[in-house]
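First the structure, in the form of structure tokens, and then the observations on it.
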There are 6 protein chains.
Amino acid sequence: MAIHVINPNSLTDVTEGLDAAIAPMRAVCSVPIETHTLIQGPPGIETQAHVDLVVAPLLAQAQKLRATASAFVIACYSDPGLATLREQMDVPVMGIAEAAILTAMTMGQRFGVISIGPKSIPRHMRYLGAMGVTDRLADDRALGLSVQGLSDAQVTQARLLEIGTALRDLDGADVLILGCAGMARYRATLEDALGLPVIDPCQAATAMAIGALALHKAQKGS
Amino acid sequence: MAIHVINPNSLTDVTEGLDAAIAPMRAVCSVPIETHTLIQGPPGIETQAHVDLVVAPLLAQAQKLRATASAFVIACYSDPGLATLREQMDVPVMGIAEAAILTAMTMGQRFGVISIGPKSIPRHMRYLGAMGVTDRLADDRALGLSVQGLSDAQVTQARLLEIGTALRDLDGADVLILGCAGMARYRATLEDALGLPVIDPCQAATAMAIGALALHKAQKGS
Amino acid sequence: MAIHVINPNSLTDVTEGLDAAIAPMRAVCSVPIETHTLIQGPPGIETQAHVDLVVAPLLAQAQKLRATASAFVIACYSDPGLATLREQMDVPVMGIAEAAILTAMTMGQRFGVISIGPKSIPRHMRYLGAMGVTDRLADDRALGLSVQGLSDAQVTQARLLEIGTALRDLDGADVLILGCAGMARYRATLEDALGLPVIDPCQAATAMAIGALALHKAQKGS
Amino acid sequence: MAIHVINPNSLTDVTEGLDAAIAPMRAVCSVPIETHTLIQGPPGIETQAHVDLVVAPLLAQAQKLRATASAFVIACYSDPGLATLREQMDVPVMGIAEAAILTAMTMGQRFGVISIGPKSIPRHMRYLGAMGVTDRLADDRALGLSVQGLSDAQVTQARLLEIGTALRDLDGADVLILGCAGMARYRATLEDALGLPVIDPCQAATAMAIGALALHKAQKGS
Amino acid sequence: MAIHVINPNSLTDVTEGLDAAIAPMRAVCSVPIETHTLIQGPPGIETQAHVDLVVAPLLAQAQKLRATASAFVIACYSDPGLATLREQMDVPVMGIAEAAILTAMTMGQRFGVISIGPKSIPRHMRYLGAMGVTDRLADDRALGLSVQGLSDAQVTQARLLEIGTALRDLDGADVLILGCAGMARYRATLEDALGLPVIDPCQAATAMAIGALALHKAQKGS
Amino acid sequence: MAIHVINPNSLTDVTEGLDAAIAPMRAVCSVPIETHTLIQGPPGIETQAHVDLVVAPLLAQAQKLRATASAFVIACYSDPGLATLREQMDVPVMGIAEAAILTAMTMGQRFGVISIGPKSIPRHMRYLGAMGVTDRLADDRALGLSVQGLSDAQVTQARLLEIGTALRDLDGADVLILGCAGMARYRATLEDALGLPVIDPCQAATAMAIGALALHKAQKGS
């Protein structure tokens, strides 16, 4: 049995990055945590079409893992298929956006979100509304970097600092969320530079899955 | 090092009940979980005055446990001292009301709360407002039992079912929260009878503390 | 060129019902209105999985109709694929849930929704939250009829009246929405019996599509 | 029978401007659309007193048009008399503010409003609250031009671009509303310059009136 | 100089009732409190048309009283002309609905409103939305009595108790507002019977006007 | 009998400042107004711990004043012990934050708050949420001055103007609240400079206490 963390895009280096990000949690949890790449997924999930169309292969992969699943984590910041997978499974299922938001609500009063591109912000706003937590949002701002910029760690780190500073100083955020599955390696530096907690959503969701698994066991009384 | 769960009322049998409720979680988590009774607390926390005045001894006890604390759980459904303890500690601190509510938000769309008495409902409403999640509430209904009624397990179970049925059928709740630290033993029966997930807040908060501890370790990179 | 109304379930009699419901609109609008059945769709859309998985064939059918489309209407009360189709098309796209809700907001202050089954209510609540209009909802109540009951017009009409009365008298609704694509034939009788406006979502969405098409033409200046 | 669009200020050139703005809709709708000037109205509606006091002559004019009315549009961005006229008429009545807002909700997730002067913004905020859609507002910003500035098309266009840019880039708007009845001629240029949909409220309300009229006919079954 | 309380309907016995209701306040306040009847007003304010059309004569009467006014109170539960009168006067202006609601917010967490007839409830809901306090409403329920019933004190008192009980027990209200200017004489009995604070809006608004006048003087430094 | 205004910090010059601020109200109110310093309080209330721990001595002092109390005002902008004191007393109790906010809601549509330091803003946000009035907030901005800066009246006045200008021009505030008990002397100058109403919370709360006392007397019928 394991906690299965599924990266719904096809990039294995994203999966490797998230595996590294959650690795220290394995010392706390007696249940193994396994990361998976959805080979049938798109190379990145940017549009609403990507979100909608990745659900079918994601559900299929989850069904294959069902027999060995203590819990699932969907590692895309649009939480594709989250409600459906919860409908189909009787073990805990976490989405990284929802988990990051709920975690932020325990660390500050107004969270700021750093998105990759501006197109995803309306989608994020709909999701916050569906969760009923819009009042806790400071703001959602996009990095707006080119593909080249994103592939340059120094450029990305500098831009994260710029956007994070705006969220803190202009929008009143007292906790930040990295609104993407692949930026864990920038987290600690950003947190130190800003003096605010910064949440990597994959870490937050895996952590909540560990907790949910513990709760599930306690509820079953064993 | 341990997760310290503090019952801020002075009743040791309440502490024993919550220890039993969370016992199965010890198999999931590599860090010990210890339960404590706040001897200086009142025998029950019913009024706003109880909530306000228990903060001082609670903070004092937490300071004594600080050196061995991986995380704290405040086991009273009014979350006394939660914001203050978070201000003072650099390890995760959970309150059972906040944790139960955030957990409910992953299990259903509208949660119902079962309170002991009607006087606590306005306090709960203020708290939901402060959390910014009022739109997720189906309703909060009180058992309204006498002390004698509450001490009779059969009476209590029957009344829980009655109130839970009203929350489900009249108010549209699809998940329920037991709005009190001492009702874990009724949880499973109520869940089976209603066909809805029922959350014991002490279990939910301890589970979130385990997750938060895992997150904390991952953020520190070890 | 036409307004294309797509029924995303495979039942042609549902499509026929909605064609009849919107037929009188053809006298107002100079652009033809065509109804279509998504043959690849499921026989009914009840679960979140149905909603998620119907998007792919729905988008495919819309692409086939694109060259002749003045506007689209998605005729399922979960508005599957609405955000995606809007992303992909440069003509107006309406979903029947969103359109019914916006229309209700011009006819009353608090709308009640009559759903087929209780399972769809949490999905509706998420959607209202995403739209940011939760405060305008009186309540959402389910018919909760068996398949047999639903196939009996007299039983259905009686139950609609019962639920509609509860929405009006217990929940304070001053306008009602039929929360399903296939109940237009019950609308007028229910409206007369209750003395409140009752909205069929397919009619509302087709009407808004006609308006949106007029707006689109005016914005293009021709 | 006709859709009657009433400009409640006494300026006939404002009426002429709105007639031009909606002219292309006449090709879509089989019912005539007529525009009217409320001669007894003030030359402009700027204060809450203007809004309140224009209701009496507006209702009187509507009564005169009643026999030939298929629908009404009140063409002032404060929607004076909207609730009252709906109370008195059994045909659709649209206000341009409400209609622009509902239309914006189908074109983006957060709308920005461009007001003429800052005094009207609190009035707009009260109205959004009454509609229950405050969470969908990005922000409302005023042009703040002098009468001379407003009469200079180049100055106005430049200022619209400046304010629209702020709403898009600082406030996160993904759709804009011109918060005044007389700015339709600037719409297309602003939309092109900003890359966001821009809504003229008179066009939006007339479009919704066409749709509402179609719905009304379908509901009457003819 | 005086606090002028204007009853905008033409019934002098309503004015006499409110004068009696506020009489004991004269002992607290060093400024005289005068009550007035708007002879040009309708005999009752029930429809939105009544509300809109009473503004003009109300503003005219206020202008006549201006020279002797320390403050104004508009004594109709729809607060007609409140925003306009505030725009025109530089002394405090209170409306009885707004004042009753703000007062209720200091006496309980969820207020219930008792309206005369169901037609006014949508108007009240719009107003709560405009005030941004919808989340504090338990519910608004109508007496729904005939004119004959309303003129019978015993019938009215019994129905008030029935509706008040529903607001307390079904809707969770912990404070009640009489949603009409003319029911002060029933207040004390209802409060005693229900064990909840009950607010007469004329008393609440006059009280807030006294406070606002004190504030005004302190702000002027004399 | 008197209205007792208690400054819960130990600085007598703060008490003297607030006594001066409310002095002109004594001419309006026939009941004496007395100010008190809580000698056991901390020299300033800045952290959540300060807020929580001042409740016990504050309640003790209130009990001593009970026999002579017509009303209480708690003069700290975190309203420590407000709900508890209301639970324990049968005379009106006002907190300066709540009273300032409710007063602001009668003077403008969106209020801005000027806080001393950024640490108190999350606390203020929780409180606005608990009051259910978050939608009325323009923003809350901190002066962020050093102790030295705060002790220099010229520096403070200049910074108040800077922050007040930002709240008005960037955040859309049309009324401002001084978010601290000790800044009344800056109020008038700031109001004149900005052209917006500026509220000192001690003045607002004492004014509301006068009104509440009048209401209390009217409700008792004497």
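The values are calculated or read from the model by the stated rules, or taken from the named source; none is laboratory data. Just so it is clear, the model here is predicted, and its values are computed rather than measured. When we count neighbours, we look across all protein chains shown, and the Cβ atoms used for this are built from the backbone with ideal geometry, even at glycine. Heavy atoms of the whole protein, side chains included, go into the accessibility calculation; ligands, DNA and RNA do not. Shrake-Rupley method; radii C 1.70, N 1.55, O 1.52, S 1.80 Å.
Starting from residues that are open to solvent by 20 Å² or more (accessible area, probe 1.4 Å) and out of contact with any Ser or Thr (no Cβ under 7 Å at 6 or more places or on another chain), keep the ones in the range F:124-136 and report whichever is farthest from the other protein chains (Cβ to nearest Cβ). This residue is F:Tyr127. Among the residues of the range E:99-108, those that are facing another protein chain (nearest Cβ under 9 Å) and either among the aliphatic types (A, V, I, L, M) or surrounded by fewer than 24 Cβ atoms within 10 Å (Cβ to Cβ) (or both) comprise E:Ala99, E:Leu102, E:Met105, E:Thr106, E:Met107, E:Gly108. Within the range B:180-205, being open to solvent by 10 Å² or more (accessible area, probe 1.4 Å) and under 21 Å from B:Lys119 (Cα atoms) holds for B:Cys180, B:Ala181, B:Gly182. Residues that are within 9 Å of chain A (Cβ to nearest Cβ) and not acidic (Asp, Glu) within the range B:185-208 comprise B:Arg187, B:Ala188, B:Pro197, B:Val198, B:Ile199, B:Gln203, B:Ala204, B:Thr206, B:Ala207, B:Met208, listed in sequence order. Look at (1) surrounded by fewer than 21 Cβ atoms within 10 Å (Cβ to Cβ); (2) at the interface with chain E (Cβ under 8 Å from one of its Cβ atoms); (3) modelled with pLDDT of 95 or more and you find that F:Gly221 fails only one, number (3). The residues on offer are A:Ala166, A:Ala158, A:Ala181, A:Ala130, and the sole one that is among the small types (Gly, Ala, Ser), touching a strand residue (DSSP E or B) at 6+ places or on another chain (Cβ under 8 Å) and modelled with pLDDT of 95 or more is A:Ala166.
The single residue among A:Thr84, A:Thr35 that is surrounded by 18 or more Cβ atoms within 10 Å (Cβ to Cβ) and under 15 Å from the mean Cα position of the chain (by Cα) turns out to be A:Thr35. I'd like to check something: does the range F:15-31 contain any residue that is β-branched (Val, Ile, Thr), part of a loop (DSSP other than H, G, I, E, B) and closer than 21 Å to B:Asp79 by Cα? Scanning the range F:15-31 turns up no residue that is β-branched (Val, Ile, Thr), part of a loop (DSSP other than H, G, I, E, B) and closer than 21 Å to B:Asp79 by Cα. Filter the range A:13-26 down to residues that are more than 15 Å from the chain's Cα centre (by Cα) and modelled with pLDDT of 95 or more and give me whichever is nearest to A:Ser151 (Cα to Cα). For the range A:13-26, the residue satisfying everything is A:Ala23. If you go through the range A:69-111 and keep only what is touching a Gly at 6+ places or on another chain (Cβ under 7 Å) and assigned to a strand (DSSP E or B), you end up with just A:Ile74. For the range A:6-15, the condition of being open to solvent by less than 10 Å² (accessible area, probe 1.4 Å) and hydrophobic (A, V, I, L, M, F, W, C) holds for at least one residue. Among residues of the range A:69-97 that are under 21 Å from B:Val175 (Cα atoms) and at pLDDT below 95, none has a Cβ under 7 angstrom from a residue that is of a type in the set (D, E, K, R) and open to solvent by less than 10 Å² (accessible area, probe 1.4 Å) at a sequence gap of 6+ or on a separate chain. For the range E:16-30, a residue qualifies if it is open to solvent by 20 Å² or more (accessible area, probe 1.4 Å) and within 12 Å of another protein chain (Cβ to nearest Cβ), and the qualifying residues are E:Asp19, E:Ala20, E:Ala23, E:Pro24, E:Arg26, E:Ala27, E:Ser30. For A:Asp52, the requirement of being among the acidic types (Asp, Glu), out of contact with any Cys (no Cβ under 7 Å at 6 or more places or on another chain) and crowded, with 19+ Cβ neighbours inside 10 Å is met.
Residues are listed down the side, and each one gets a yes or a no for (1) in contact (Cβ under 8 Å) with a residue 12 or more places away in the chain; (2) in contact with a helix residue (DSSP H, G or I) (Cβ under 9 Å, 6 or more places away or on another chain); (3) away from chain D (no Cβ under 14 Å):
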{"residue": "C:Ile3", "(1), (2), (3)": "yes, yes, no"}
{"residue": "C:Ile33", "(1), (2), (3)": "yes, yes, no"}
{"residue": "C:Thr37", "(1), (2), (3)": "yes, yes, yes"}
{"residue": "C:Val51", "(1), (2), (3)": "yes, yes, yes"}
{"residue": "C:Ala56", "(1), (2), (3)": "no, yes, yes"}
{"residue": "C:Leu59", "(1), (2), (3)": "yes, yes, yes"}
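So, of the residues in the range E:110-123 that are more than 9 Å from every other protein chain (Cβ to nearest Cβ) and open to solvent by 10 Å² or more (accessible area, probe 1.4 Å), which turns out to be nearest to C:Gly112 (Cα to Cα)? For the range E:110-123, the residue satisfying everything is E:Ser120.
The requirement of being surrounded by 20 or more Cβ atoms within 10 Å (Cβ to Cβ), at negative phi and not assigned by TED's automatic domain parsing to the domain that holds F:Pro122 is satisfied by F:Ala212. Would you check if there is a residue in the range A:170-182 being acidic (Asp, Glu) and without any contact (Cβ under 8 Å) to a residue 12 or more places away in the chain? There is no residue in the range A:170-182 that is acidic (Asp, Glu) and without any contact (Cβ under 8 Å) to a residue 12 or more places away in the chain. If you check B:Asp152, B:Asp169 for being open to solvent by 10 Å² or more (accessible area, probe 1.4 Å) and either among the aromatic types (Phe, Trp, Tyr) or within 11 Å of another protein chain (Cβ to nearest Cβ) (or both), only one passes: B:Asp169. Just one of (1) open to solvent by 30 Å² or more (accessible area, probe 1.4 Å); (2) modelled with pLDDT under 95; (3) more than 10 Å from every other protein chain (Cβ to nearest Cβ) fails for A:Thr47. It is (3). Close Cβ contacts (under 7 Å, 6 or more residues apart or on different chains) running from residues in the range A:103-130 that are over 17 Å from D:Val175 (Cβ atoms) to residues that are acidic (Asp, Glu) and surrounded by fewer than 21 Cβ atoms within 10 Å (Cβ to Cβ) comprise A:Gly112/A:Asp139; A:Gly112/A:Asp171; A:Gly117/A:Glu46.
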